[in-house]
Each structure stands twice: as C-alpha cells, then as structure tokens.
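Have a look at the structure below before the remarks.
The values are calculated or read from the model by the stated rules, or taken from the named source; none is laboratory data. Nothing here was measured: the structure is a model prediction, and the numbers come from that model. Cβ coordinates were reconstructed from backbone atoms using ideal geometry, including for glycine residues, and neighbour counts include every protein chain displayed. Heavy atoms of the whole protein, side chains included, go into the accessibility calculation; ligands, DNA and RNA do not. Shrake-Rupley method; radii C 1.70, N 1.55, O 1.52, S 1.80 Å.
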Amino acid sequence: MFSPGTKKSTRKLPTHSPAGNGSPATPLTEIRKPAPENLVPDRPNTGTPAPWAPRLSVRARIPTVKKSDKADDVDPIQPVYVGEVPQVVRDEQANMLQRHLSGDTSISGGMDKGTSLAWIICGSKLFIWNYLSPAASRKCTVLKLPSNILEDGDINKTSSWLLCVLDWDNNTLGTNKIHQQRTSVGVLLCNKKTRALVYWPDIYSSMSSFTYIDQSDSITTLNKQQRVSYNSLIASAIPDKKYFCIALACSFNGQIYKFICSPTGIQCQETVNVSTQGSQLSNSKGYLRSMVWHAPYNSVKESKRRFLLLTDHEIQCYSVDFYFDTSILMIWSHEIVGNDGDVGIQKGLAGQKKIWPLDMQMDNNRKVITVLVATFCKDRATSSSYIEYSLLTMQYKSGIDMSSESSYRSHDKILEKRSPIEVIIPKARVEDEDFLFSMRLKVGGKPSGSSIILSGDGTATVTRYWRNTSRLYKFDLPYDAGKVLDASVIPSEDGEDGAWAVLTEKAGVWAIPEKAVLLGSVEPPERSLSRKGSSKEESTNVSFVTNIAPRRASSEAWDSGDRQRTAFTGIAHRTAQDEESEALLSQFFHEFLLSGDVSGTLNKLQNSGAFERDGETNVFARVSKSIVDTLAKHWTTTRGAEILALSVVSTQLLDKQQKHKKFLQFLALSKCHEELSARQRKSLQIIMEHGEKLAAMIQLRELQSLIRQQTSTGAAFNNSISQNDLSGSIWDLIQLVGEKARQNTVLLMDRDNAEVFYSKVSELEEVFHCLERKLTLIISEEMPLKFQNQRACELSSMCVTILNTSMNYKDENHMWYPSPEGLTPWYCQTVVRSGMWTLASFMLHLLTEMDHLDASSKLEFHSQLEVLVKVLLEAYSGAVRAKVEREEEHGGLLEEYWNRRDTLLDSLYRQVKSFNEASSEVVEDHNKDIVQKLPSNLLAIAKRHEGYQTLWNLCFDHNDLELLRSLMHDSMGPKGGFSNFVFRQMYNKRNSKLMRLGEEFPEELAIFLKDHHDLLWLHEIFLHQSSLASETLHGLALSDGDSSISEVVDPPSYEAKVEPTLADRRRLLNLSKIAAVAGKGADCDTKLKRVEADLRILKLQQEILKLIPEDEETHELAQKLLPPADLIQLCLSIQNKQLALYAFDVFAWTSLSFLRCNTSLLEECWKNAANQDDWEAISQTTVAKGLTDEETLEVIKETALFQASCRCYGPEAETYEGGFEQVLPLRQESLESSVGGSSVEGILMQHRGFPDADKLMVTAIMLGSVATDATLDDGPAPME
C-alpha cells in the first residue's frame, strides 16, 4: 500500500534474470509465496533464487559502475550497499526455508541506532551483529530462544517481536569504542502476542545466561479471542546497578506494565490502567500505540525518568521511579485529536470518518515530537473512500521548563504545532486496522527534517517537506531483497545524524544517501490503489536530475573538521563549465598517457575556463585528487585485515605515485604548470601536497609493516593484554579514520576501513584530527604503563614519518612548487598541530610515571618525544611565517607557539638533566653514547626555535661560557635576541660578569640597559659619558615619583627591580651631582641646582616623617618616595606648627610651574599657618597688658605667619626657581593692576580672627617679608 514511487531501478543482476515486467515492485504477501508445483528448492522457476543457492557476490549487489571506476558514474538516486548479513544468518534462513517449503515463514528483525546493532530472529535463534563494522571483523552473536515461548505456532508467521538493547559500556547516545565494538550489551526480547519476555544481561559474556517470564498462562480464552498483545516496549538501564534494567510495555487493552529485569529473573512490578476519557476508539484495537523515552537513551543519571505515551487522541507524559515500587505517575497530557485544530488535528470535518494516530517519535534533542496519522475519509462527490497519511509535528510551548515538573502544572497547553500538518499521501487506498497498526515511523536521518515510514508489508518510504509539499523516496531493490525489516540512522562523527540505513530480509543492509533523497524524491501520488502505485508514481522529475551535474560522489562529502558540506551545497558550487573543464582535462591527460602528445592543450583549457578557479575547486587540483584518491578495483571487503600483510597496498600506492608524477610531467610539458604558478598558486600548492601525502602514505605503510614484524618476532606481553591491543596503535588509528570515512560517506560503506584509509590519500590530515579527538581510545589508561609507552612511541614515529617525508618531498621537488609567500603547508594547519600537540601532551604526562622503568625504555621514549617536538615546532613555525607573510593577525598563534615550545623544551631539558645526573651503574655502556648526544640534540632544537630558557639552562648547568658566547653570537634576534635574554638572567642572578660579558656585545648590551637604569649609569661612566650618567642617576633616584621632584617634566622610563630606600636615593642624588661636575657640560649648573633641590625635598620628607605619629601607614611611607604634593598634603593633615612651615619649604624647592599648578594648595597652606596661632587671644593680650611695640614684635615673631612670610618672601628666602611673589603676592594692593587672582592678605581677611587682629596679622606677614635677622632655630637645615 504505502509505496510512493521513485525512479525504477535499472540494476541488472549478472547471475540470473530479474523478475518479469509483470511483477510488482513490492509484491503482495500472497504473490510472494512460491508456486505449489515448484517443490525443487535449487531450481526455482521464478527469477528469485532460493536462499541456499549460491548467493550473489557483493559486487553483484552494488550498482554497476563504468570502467573508469569513478563515483560520478554511479546512479545518484539509488541506495548504496553497506554490508551483507552474517553467514550464520544465511545458513539458518536456508535451513528454515527447507523445513517450510510452503513458504509459510516470516523473519523478524530490527536495528538499534544507539549501538549500531542489527538483529534478526530466524527460527528459534536470535542473531545480533554490528552492521557498521567491516565484513572481515564482523562478529555475530547467536542466542537460542527458550523453547517455552516458541510453542505457539503463530509466532513465526508474522513479525511479532519487540527488542530493546541496553549498552552497559556507554549510556549515552554516542559511543567512544574503537570500531563501534561493545564489550557488554544486554538484550530484552518480547513476543507481542504471548507477552513473554526474555532477558540476556550480557550477550557478549563467555557464560551468556538469560531469564524469562512467560505470561501466556495468564491469557484467558476471551483475551486470546480479543488478541490482547503488547505493541510497544521500552527499556532503560538502572543507574549504578549493572545488569539491572526497567522495562515498560503497553498493550491494546489500555494498560502499561512495569518490569524489573535482573540476572536472577524478571518481575512484573506494576500494572497501570490508562484513562479512556475522551477516547474516540472505545474498546477498539490500537488504543495505546507507542512509547518513547522523554530524554536520550540513558543520559539522565537520576532516580526518575519520564516517557511519552501515544493514545488514540492524545499524548501523555508519565514519570517512573527506578528504585522504588511507586506507581507510574502521569505528569501531563495533551490532546492532539479534538475540536481545536490549532493544537493538533481537528476532527469532525466534512468527509472525515476516523482518525488513527499510528506511531510517535522524538528528535535527538528531545524537543520535537512527530506523530504519524492516518485519516479515513469519504469523497462525497464520487462516494469513494480513501485514507490520508500525514505527519503532525509538535513542540513544547515557549516558557515551559522541560526539566521541572512544576512548570507543566502552570500551563493548560503543554505542546503546540511546530508547523502545519504535512500531508504525505492525500489519497491512498483503504487498508484494515491490522495493516495500519503495523506502520512504524523513524526520524532523524538526512536530509534534515526527513522521516522514514515502514509498513507491515515490507516497504520503506522516506518523506521530506520541501517547498510546502511532501516529496517521497521509495526504497526499492530487486525482488530478491525481500521485506524491509527496519530502518535506522548511520551516526556521524560530529554527533549529528547521517544517512538512512535499511535492513532487508535477504539483501543485507543498504544506505539511502542524502543526495538520493534530494534528487530522486517525487511528489505524492494522487491515489495509490496497489503496491505498484499509480502512473504518477512511476514518473520522476527527469529534467531536475539531468540539468544538474551530480557532485563527485567520493569522500568529498566527508571533509575534515567543520568543513563538512551537504550534497546540495556541492551541487551548487559545481557548474556545468567546471564539469566540462574537468572532463576535458581528464581527456587530455589520458591522451598524454597513451601518446605523450600535449599540443594545443593549454589554449583549449584556457578557453574552457580551467584556470578561473583557485584552491580545491580548481579542475587541476580535482584531477590530482582523483588520482591519489582512486579506490582500488581489486580490493574486496572479504579478504579482511590480512590484506595489509600483502604487497597489494604498497603496489597500489606506488601506482598512484607514478601516475601523479606523470600528471606533473603533463602539466610541465603543456605549459599549464607555468600558468598555475603565475595565476593559481594555491591550486598548484594543493597538487604538490597530494604528492607529499602520497609519499608520506607510502612511508607510513612501510612503517606499519616494520612495526608489525618487530611485534611478531620480538616483544612478549602479559597474558592480560588482549589480542585487540596487540594489533598496534597505528592499526587502531587506521581503523578509526577509515571508519569515520565510511560512516560519513555512504558510498564507501561496503569498503574495508583500511582500504578506505589507504585510498583517501588527500585526507591525510584526518589522522591528526583523530589523534586529537580519539587518542584515549587508542591508548587507554587501563593498559600497562610499558604498553602505553610503546603505543605512544609508535604514534610519535608515525607523525614524524609523515611530516619528515612531506618536508623531504618538498625539498627534493622545490622547483615544482609555486612561490611560498603566504601559503600555509598542509602539515602546518591547525588540525595537524592540534593532533601532534595532543600526543605530545600525553607523552609529557607519561614522563611523570616512568620512574620504575629501565634506562633503555626511558631513552627510547625520550628520543621519540624529541623528534616529535622537532616536527611539531616546525609546523608552528611554518604557520606563523605564513600568517606574517599574509599580514594577518598572528598574536594569538605566536603566543600559543611560545607557550607550547617552552613547555615541551623544558620537559625535554629536565629529562636530559636526569639522564646526565644518573650514575654510571644506572646507564649501561651502550646507552652512554646516546645520553651524551641528548644535550646536543636538544640544543639544536632550542636554537632553531629560540628556546632561550633551554639554551641558558644547558650552558649554565655545564658552566660553559664559551658555548654561551657562541650562542649569543649566533642568535641575534630582535631586541637583542639571545644576548638580551642572557643579560636578563645574569641580572636576576646578580651575576657580576654581566658587564664584562657585555663588552663583547656592545649593541645588545645597550638594548638591555635601556630598561635597566640601575646598571646603565655604570656603563655610561665606563664610556666616559658622565653627563648622561648624571641624568640616569637622577632619574633612578626619583624612580617612584614618575618625574623629578622639582620638575614636572617626565624623565625616561626605566625598570627598578628593587625599590631603593630614602638613603639609597640620597646616595644616588649625590652621585648624580658628582657625575654632573665630572661631565663639565654646558648645563652643569642647572643640573646641580635641580639635584640640590631634590636633595632638600628628600631631607624634608625625612624630617616630616619624624613628626608624624608612628603606625603601619607611617612605616610604609618611610619606605618610598613621596611626590611634593603628597608631602604637602601630609603636612596639612596634622595640626603642627613645624609641619605647617615644612609645607612652605617643600613649595620653595619645587619648580615655578608646580607653584602655578598648585596655587589652591598654597592658599590652603597659608590658611593652615594662620590657624596655628590664636590671634584673638594675642590681640586681647597686647591690649590688656599694654605691650610696647618691641614686646608685640617679639610675640609676632613666634607666630607661624611671621615665620612663613620670612621663608617665602624674606630677603634671605631660598627657592629653586622663581619666587612666591610671581604666584601669590603678599599684599592685596599688588593685585589692583590685574584682574582676579589672590594674595596672602586676601587669604587672611577670610580668617575668623581677622576682624579683631587684622593689624597684627598683616604686621606679621609684612615684618616677615623684610626681616633679615629672623632665626628659624626650629626649621630644618636644608643640607646635613
């Protein structure tokens, strides 16, 4: 029934004739039975051979390709063969068919997406295998079903089994196991009719056991008549209890059953009756349709888990407890079939008779729910009946927290339509309920948003919604494929879903490429009355297919990292002109191989536009890639892993190398090489890199053979190490990389992992991508340490071999390469560097755990790490150089390069140091030569990559001054290079030889001393530059102030490692005076005057600090130099007459510019000086006692105003530059000629005592300005 058509298969089988033209594409069950008169199994009259007859080879089942063996020639809309079912399954099928010659048999089967396991029940046996593993390594587990559950004769007549897989190794959806092989998997099997359950806790255990529960006895005669059976089963591992799981089953009669499965038995713990309120199918079959877990498989490590249940009119959400015998509780329900069409499917419309929700699935993110719906309708105009199939997609309403149960209670409606209902087939023929309820829905495959629908008659149809209409792709194989048993999704490396995979009854597993669905899908048929379909189904949009040249169906669909592109993207980027140019180039190259003639090639290629694209899309680069990526015709998956022991791999690689060399000769002779070198440098670079990778792959193959020979003849390992471990780390890496290619490109699914790896030469970077992401799978922590070291060394040797071979190829063929400016070699790309860094980091970790290993093992490990570090740093150096040449931002890359360089070299240095410090008893004689060479090897690496710390350590540990001088002469980098680093190290260690060594490197020493003024003045004295030394000393003495104390002009900046004390600063200032005098410069007097002023201020700070109460803050102030403004503020903060006067002394020894910039601060000082005396009391005393003028003068001399006036305005006042009169006049009348400003008298007029003591206060400042014999015994001496 459900068979929307696509383009009919034109595949011809070589061993027998296909079914006749009258045979339907997917025959009905009745037609499928062999003719009664045909009783000879080996000689069938039909075109379908018996299963026990010689089977078609794998090649016969793969779409026929042309002699060119290009994937372009494969029909783009046909499915792709993935793999055959195991031979034991075939044998059992043959035996069963012999026992049932009437053909009255049926095979059940399925696929598990989480574990990539496929299963088939044939007779009394259950077969389970990994359908993604290569044929050679594919293992099939055979489980015998208990005889008790096989007594019912109806069991083998229909697909009546439900199966759940429990992955004990990894409870998440993805897997991290090598080759997708599990070590511990449980299986729960249920018979839908008898409701018997069988549980195998671990199917891979050597002592595989099972438990079962047979519920057939509880089924009454009435129940048998009503055909009460299970129709959905889900299971989940119980966290922290291995081999324990919980299973839930729902039946047609509206009940949910809860089972606890353990190695000791299966217990039916609870039965729940689902509410029938609102049901449209009361007492009818199919009431409870399907169940799905609300969260991904075993990703929730909590005691509870939610699941969704599909009924005939709503979706219900329940919660089940793993650990307690509590009831299954409903959390919410949402009606999807009702009167409101906005929340689901509206019922009661004209022509509608009945609505069946058939199946339900959730996407990987558990946010979108998809429901398959069938609607029985009647056309009033024609009175004909039909069924409409559609998909309803629902999502959670915004604002609902899916993790919180309380969030659901606050909303009336939980779900909403994600998009309008997608009608799959508007008018299909009417089917009975048994057929409808046999339909199953799968979601998640590519193209994104597509679904696949499986029907009970063995058909599979992919549907996708495109441009507001559904488009259908029917999976179609020749008649001998049998039924489609199940469908799943091939997992991809990036965690997203891949192409659809289909398990067939007789033809194995096939994949439906995304491109096949995009190009081969058709619009839904108007009416499908038979499984063959209507005439509309037979037609395909041929113009759509022919107008677009199919993209090269190679591993281009699998690109490294995040460069993966969809099929449509590739089609859009490949124009007809590109295809014509590539075809023309291939033709010319083929003619060159035959005749050697290249006449007219360049002009024809230019006219075809072959030189218009640069990079990977260039036709020359694509042809080069097709040469190195060609799949061998004579390799087959049936030959297995032993293919690597044969010379066929090396022969194939050498053939490719010869052909690639011919291609380069063709480019040179046809002058295309010159054109590419001038116009498409990137394309030519890619072509040459293909040669590099090919040479590297050949050497990798030789390395693998060498390691395998050494392993087979030499080392002996513990019995605890599995045979899988002994296969070698390089072999495991090859399997992982090849497996990734196979899973991401369905056209390669029938190939062996190793074959894919050695064929996809252009994608050699994936080796390093796999090292970065999957290293823990190749080298497990559970392995013995010695074994970890060995596998790490093998991988290191592989990386070194690949990069050294590529670099040597480039050196040998440098004339073929374009100019390298701005081009990043492939081995310098991020993915390569990251992979090698991951391996190097792991090896550094192993270094910390190697104490108990013997010296030979340590030396071997160190040597491997050393060469790995060498090539890794070369890769970083090349990447940085390319970014600099392209003038791109490279600061982040450079910082990463430096940090990783220092980490690696420091670890190597410490290892070398430990070897040198080891006693002669520890290091054997034959290893001593190796130990002696280690420092020189490390020295060469550190010297090339400017690892200055390592160079210094090597020289310093050996006290080798001659080596140090030699390195300083050789390493003349920017900013002094290694010499500058040496000077800094000697400076930090206070090495007295620094200045003497610097005499040999005057320019480098000068660069270093620019930032170290505490040594610069000595160098200037040595050079007889006394004036410069004076300036340096002066600036060094005032290093904290950021400027000279007496100046506002900033001196040169410098770095002081140890902060000098005030006494040290005083000595530096005195030295500055001596150097200034010795310099005899023209500005010597000015320098002396400035230094003298700073000395006075320094002395004032010492005196000020003596008058301040001692506390923690005072102690800190005594250790550093305070700026003049801070000193003055400190004086104002404490009421002390002497401190008030010291503030004026500080102002006196600052510059005139400082006075002008701090006039307000000077005014505060005068106000503070006026507050030091009680002028009202002085005025009252002079009046009350009748003091004479002489006695009054004596009183005034003791006031702070008098003494401050004397120090600032007196005839004997000393200042550094200018005078106070220029900034703040003494009398108010001095301001009459100017506008604005202030004066000392004006400041005093604001004092509170001025009205009573105005004459005394003015007299104090006036007498102070003219006093010549005033003594300031309390004042500090300006100099000691």
>> I need the phi-derived Karplus couplings for segment 348-353: 6.51 cos²θ - 1.76 cosθ + 1.60, θ = phi - 60°, integer Hz, Gly and Pro marked x.
In response: x, 6, 4, x, 6, 10
> What pairs from Lys604/Lys625; Lys1137/Lys1255; Lys870/Lys1010 go past 30 Å between their alpha carbons?
Replying inline: Lys870/Lys1010
> What accessible area, in Å² to the nearest ten, does a 1.4 Å probe give for Trp1175?
Replying inline: 0 Å²
>> Using a 7 Å offset from the Cα along the Cα-to-Cβ direction at both Ala1118 and Ser205, what is the distance between the two label points in nm, to one decimal?
In response: 8.0 nm
> Quick one: Cα centre-to-centre distance for segment 933-965 and segment 318-351, in angstrom?
Replying inline: 75 Å
> So how much slack lies between Ser857 and Ile1074, counting 0.36 nm per residue of separation and subtracting their Cα-Cα distance, in nm?
Replying inline: 71.6 nm
> Got a sec to turn the phi values of segment 947-962 into Karplus ³J(HN,Hα) couplings, 6.51 cos²θ - 1.76 cosθ + 1.60 with θ = phi - 60°, whole Hz, x for Gly and Pro?
Replying inline: x, 4, 5, 5, 4, 5, 4, 5, 6, 5, 5, 8, 6, 9, 6, 5
>> How far apart, in nanometres, would the label points at Asp1189 and Phe1022 be if each is projected 7 angstrom from Cα along the Cα-to-Cβ direction?
In response: 7.0 nm
>> With a 1.4 Å probe and all protein chains kept in place, how much accessible area does His969 have, in Å² rounded to the nearest 10?
In response: 90 Å²
> What ranking of Thr830, Thr575, Thr393 comes out by heavy-atom accessible area, probe 1.4 Å, highest first?
Replying inline: Thr830, Thr575, Thr393
> If r is the Cβ-Cβ distance from Met330 to Glu523 and R0 is 51 Å, what FRET efficiency results, to the nearest 0.05?
Replying inline: 0.80
>> Under 5 Å between amide hydrogens, which residues at least 5 positions from Ile414 or on another chain qualify, with H placed 1.01 Å from N in the peptide plane?
In response: none
> FRET efficiency for Ala1082 and Lys933, Cβ-Cβ distance as r, R0 = 60 Å, nearest 0.05?
Replying inline: 0.45
> Cα centroids of segment 1125-1149 and segment 775-814: how far apart, whole angstrom?
Replying inline: 73 Å
> Once the piece of chain linking Leu1107 and Arg773 is laid out straight, how much longer is it, given 0.36 nm per residue of separation minus the C-alpha distance between them?
Replying inline: 113.3 nm
> Top to bottom by accessible area (1.4 Å), largest first, where do Lys1089, Lys1167, Lys1010, Lys774 land?
Replying inline: Lys1010, Lys1089, Lys1167, Lys774
> Using modelled amide H (1.01 Å from N, peptide plane; none on Pro or chain starts), what sits under 5 Å from the amide H of Asp486, excluding residues fewer than 5 places away?
Replying inline: Leu503
> Once phi is turned into ³J(HN,Hα) by the Karplus curve 6.51 cos²θ - 1.76 cosθ + 1.60 with θ = phi - 60°, what whole-Hz value does each residue of segment 117-132 show in order, with x for glycine and proline?
Replying inline: 9, 10, 9, 9, 9, 10, x, 9, 10, 10, 10, 10, 8, 8, 6, 9
>> Name the residue from Ala696, Gln658, Ala668 whose Cα lies farthest towards the positive end of the charge dipole of segment 657-709, charges +1 on Cβ of Lys and Arg and -1 on Cβ of Asp and Glu.
In response: Gln658
> Of the heavy-atom accessible surface of segment 400-526 (probe 1.4 angstrom), what whole percent is carbon and sulfur?
Replying inline: 43 percent
> Using alpha-carbon positions, what is the distance between the centroids of segment 843-902 and segment 1154-1181, in Å?
Replying inline: 70 Å
> Which entries in the list Lys943/Lys989; Lys506/Lys740; Lys662/Lys810 go over 25 Å, if you measure between the two C-alpha atoms of each?
Replying inline: Lys506/Lys740
>> Between Thr575 and Gln587, what is 0.36 nm times their sequence separation minus the Cα-Cα distance? Round to one decimal in nm.
In response: 2.5 nm
> Modelled label-to-label distance, Asp811 and Gln269, 7 Å Cα→beta-carbon offset: nm?
Replying inline: 6.8 nm
> How high is the FRET efficiency between Glu1164 and Val1266 when r is their beta carbon distance and R₀ equals 35 Å, given to the nearest 0.05?
Replying inline: 0.90
> Amide H to amide H under 5 Å from Ser229: which residues, 5+ apart in sequence or cross-chain, H placed 1.01 Å off N in plane?
Replying inline: Phe252, Asn253
